[in-house]
Amino acid sequence: MTSEPGVFGFGPATRIYLTVGATDMRTGFEGLYGLVRDRLQCSPLSGHVFIFCNAARNRLKLLVWDGSGLWICAKKLSRGRFCWPEPRAGEVKVVLSHEELAMLLGGMDLRQARHRAWYRSQIDNDEVDPDRINTAQTDCIPQSTSATK
(Lines give C-alpha, C1' and ligand atoms only; values in the text may rest on other atoms or scores of the structure.)
Protein backbone atom coordinates (compact mmCIF):
# COMPACT_ATOMS: atom_id res chain seq x y z
CA MET A 1 0.00 0.00 0.00
CA THR A 2 1.44 3.39 -0.97
CA SER A 3 1.06 6.65 0.89
CA GLU A 4 0.55 8.73 -2.27
CA PRO A 5 -2.72 10.66 -2.41
CA GLY A 6 -5.43 9.52 -4.80
CA VAL A 7 -6.57 11.46 -7.80
CA PHE A 8 -7.47 15.00 -6.77
CA GLY A 9 -6.58 14.42 -3.15
CA PHE A 10 -5.32 17.96 -2.70
CA GLY A 11 -3.33 18.39 0.49
CA PRO A 12 -3.46 21.42 2.77
CA ALA A 13 -0.34 22.94 1.16
CA THR A 14 -2.01 22.98 -2.28
CA ARG A 15 -3.16 26.45 -3.21
CA ILE A 16 -6.08 27.11 -5.52
CA TYR A 17 -5.94 30.07 -7.89
CA LEU A 18 -8.91 31.37 -9.85
CA THR A 19 -7.85 33.34 -12.91
CA VAL A 20 -9.52 36.75 -13.22
CA GLY A 21 -11.18 37.43 -16.57
CA ALA A 22 -12.40 35.21 -19.35
CA THR A 23 -10.35 32.42 -20.93
CA ASP A 24 -11.06 30.83 -24.29
CA MET A 25 -12.20 27.31 -23.39
CA ARG A 26 -10.60 25.96 -26.57
CA THR A 27 -7.23 26.59 -24.93
CA GLY A 28 -5.31 23.37 -24.30
CA PHE A 29 -2.33 22.26 -22.24
CA GLU A 30 0.29 24.57 -23.74
CA GLY A 31 -1.98 27.63 -23.74
CA LEU A 32 -3.08 27.20 -20.13
CA TYR A 33 0.51 26.43 -19.12
CA GLY A 34 1.54 29.75 -20.70
CA LEU A 35 -1.28 31.65 -18.99
CA VAL A 36 -0.23 30.33 -15.59
CA ARG A 37 3.42 31.16 -16.22
CA ASP A 38 3.04 34.54 -17.93
CA ARG A 39 -0.22 36.03 -16.70
CA LEU A 40 -0.46 34.59 -13.19
CA GLN A 41 3.33 34.53 -12.72
CA CYS A 42 3.17 31.06 -11.15
CA SER A 43 4.87 27.77 -11.86
CA PRO A 44 2.46 25.44 -13.69
CA LEU A 45 4.43 22.48 -12.30
CA SER A 46 3.97 23.56 -8.66
CA GLY A 47 1.13 21.14 -7.93
CA HIS A 48 -1.24 24.01 -7.21
CA VAL A 49 -4.67 24.17 -8.87
CA PHE A 50 -5.35 26.84 -11.50
CA ILE A 51 -8.95 27.56 -12.50
CA PHE A 52 -10.02 29.24 -15.74
CA CYS A 53 -13.52 30.31 -16.76
CA ASN A 54 -15.19 31.51 -19.96
CA ALA A 55 -16.91 34.89 -20.32
CA ALA A 56 -20.39 33.43 -19.76
CA ARG A 57 -19.14 31.73 -16.56
CA ASN A 58 -20.82 28.47 -17.49
CA ARG A 59 -17.60 26.54 -18.18
CA LEU A 60 -14.53 25.93 -16.03
CA LYS A 61 -11.19 24.31 -16.64
CA LEU A 62 -8.78 23.23 -13.93
CA LEU A 63 -5.08 22.77 -14.63
CA VAL A 64 -2.98 20.85 -12.13
CA TRP A 65 0.36 19.03 -12.15
CA ASP A 66 0.24 15.69 -10.30
CA GLY A 67 3.98 15.00 -10.31
CA SER A 68 3.99 12.98 -13.54
CA GLY A 69 1.93 15.11 -15.90
CA LEU A 70 -0.56 17.90 -16.33
CA TRP A 71 -4.29 17.35 -15.86
CA ILE A 72 -6.98 19.45 -17.46
CA CYS A 73 -10.45 18.94 -16.07
CA ALA A 74 -13.46 20.70 -17.51
CA LYS A 75 -17.00 21.30 -16.34
CA LYS A 76 -19.85 22.71 -18.42
CA LEU A 77 -23.05 23.72 -16.68
CA SER A 78 -26.32 22.78 -18.36
CA ARG A 79 -27.98 25.79 -16.75
CA GLY A 80 -26.82 28.62 -14.54
CA ARG A 81 -23.45 30.26 -13.94
CA PHE A 82 -20.52 29.92 -11.60
CA CYS A 83 -20.48 32.78 -9.06
CA TRP A 84 -17.62 34.17 -7.00
CA PRO A 85 -16.78 37.57 -5.51
CA GLU A 86 -15.45 40.22 -7.87
CA PRO A 87 -11.68 40.68 -7.57
CA ARG A 88 -10.14 43.94 -6.42
CA ALA A 89 -8.69 46.28 -9.04
CA GLY A 90 -5.36 45.05 -10.38
CA GLU A 91 -5.77 41.43 -9.25
CA VAL A 92 -4.98 38.75 -11.83
CA LYS A 93 -5.83 35.82 -9.59
CA VAL A 94 -8.06 35.08 -6.62
CA VAL A 95 -7.01 32.56 -3.99
CA LEU A 96 -9.72 30.07 -3.03
CA SER A 97 -9.78 27.74 -0.05
CA HIS A 98 -10.37 24.04 -0.53
CA GLU A 99 -13.87 24.53 0.87
CA GLU A 100 -14.57 27.35 -1.59
CA LEU A 101 -13.48 25.15 -4.51
CA ALA A 102 -15.87 22.42 -3.37
CA MET A 103 -18.66 24.98 -3.01
CA LEU A 104 -17.93 26.51 -6.43
CA LEU A 105 -17.96 23.13 -8.18
CA GLY A 106 -21.09 22.18 -6.22
CA GLY A 107 -23.04 25.18 -7.48
CA MET A 108 -22.82 27.47 -4.46
CA ASP A 109 -22.69 31.24 -4.95
CA LEU A 110 -19.40 32.32 -3.37
CA ARG A 111 -20.53 35.95 -3.41
CA GLN A 112 -23.04 35.12 -0.69
CA ALA A 113 -20.79 32.84 1.36
CA ARG A 114 -18.92 34.38 4.25
CA HIS A 115 -16.16 33.15 6.52
CA ARG A 116 -16.91 32.74 10.19
CA ALA A 117 -14.33 33.77 12.75
CA TRP A 118 -12.54 30.66 13.97
CA TYR A 119 -9.05 29.35 14.49
CA ARG A 120 -7.05 27.96 11.59
CA SER A 121 -3.45 26.96 12.21
CA GLN A 122 -0.79 28.50 9.99
CA ILE A 123 2.66 26.99 9.50
CA ASP A 124 5.32 29.32 10.86
CA ASN A 125 8.49 28.61 8.87
CA ASP A 126 10.67 29.78 11.77
CA GLU A 127 9.40 26.91 13.92
CA VAL A 128 9.60 24.16 11.29
CA ASP A 129 12.57 21.93 10.61
CA PRO A 130 14.26 23.41 7.48
CA ASP A 131 14.03 20.03 5.72
CA ARG A 132 10.24 20.12 6.10
CA ILE A 133 9.56 23.66 4.88
CA ASN A 134 7.20 23.85 1.90
CA THR A 135 9.44 25.00 -0.93
CA ALA A 136 6.34 25.74 -3.04
CA GLN A 137 6.03 29.13 -1.34
CA THR A 138 8.10 30.64 -4.14
CA ASP A 139 5.92 29.11 -6.85
CA CYS A 140 4.12 32.38 -7.45
CA ILE A 141 5.63 35.82 -7.69
CA PRO A 142 3.74 38.14 -5.34
CA GLN A 143 1.62 40.55 -7.31
CA SER A 144 1.67 44.15 -6.24
CA THR A 145 -1.69 45.76 -5.86
CA SER A 146 -2.27 49.40 -5.12
CA ALA A 147 -5.96 48.89 -4.43
CA THR A 148 -7.29 48.87 -0.93
CA LYS A 149 -10.57 47.54 0.37
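The values are calculated or read from the model by the stated rules, or taken from the named source; none is laboratory data. Quick caveat: nothing in here was measured; it's all calculated off a predicted structure. Neighbour counts run over all protein chains shown; Cβ positions are idealised from the backbone, glycine included.
Residue check: residue 140 meets all listed conditions (1) at pLDDT below 80; (2) surrounded by fewer than 17 Cβ atoms within 10 Å (Cβ to Cβ); (3) in contact with a strand residue (DSSP E or B) (Cβ under 6 Å, 6 or more places away or on another chain) but one, namely (2).
Pairs please, first residue from the stretch 79-104 and free of Cβ contacts under 8 Å to residues at least 12 places away in the same chain, second anywhere and aliphatic (A, V, I, L, M), Cβ atoms under 7 Å, 6+ apart in sequence or on different chains. Between residues of the stretch 79-104 that are free of Cβ contacts under 8 Å to residues at least 12 places away in the same chain and residues that are aliphatic (A, V, I, L, M), the close pairs are 103/110; 103/113. Among the residues of the stretch 62-104, those identified as in a strand (DSSP E or B) and either at positive phi or under 11 Å from the mean Cα position of the chain (by Cα) (or both) are 62, 63, 64, 93, 94, 95, 96.
Could you pull out the residue among 52, 82 that is farther than 23 Å from residue 12 by Cα, buried (at least 16 other Cβ atoms within 10 Å of the Cβ) and not polar (S, T, N, Q)?
82 is the lone residue from the list that is farther than 23 Å from residue 12 by Cα, buried (at least 16 other Cβ atoms within 10 Å of the Cβ) and not polar (S, T, N, Q).
When residue 37 is tested against (1) over 13 Å from residue 140 (Cβ atoms); (2) free of Cβ contacts under 8 Å to residues at least 24 places away in the same chain, just one condition goes unmet, and that condition is (1).
In the set (1) more than 12 Å from the chain's Cα centre (by Cα); (2) part of a loop (DSSP other than H, G, I, E, B); (3) touching a residue at least 40 places away in the same chain (Cβ under 8 Å), the condition left unmet by residue 32 is number (2).
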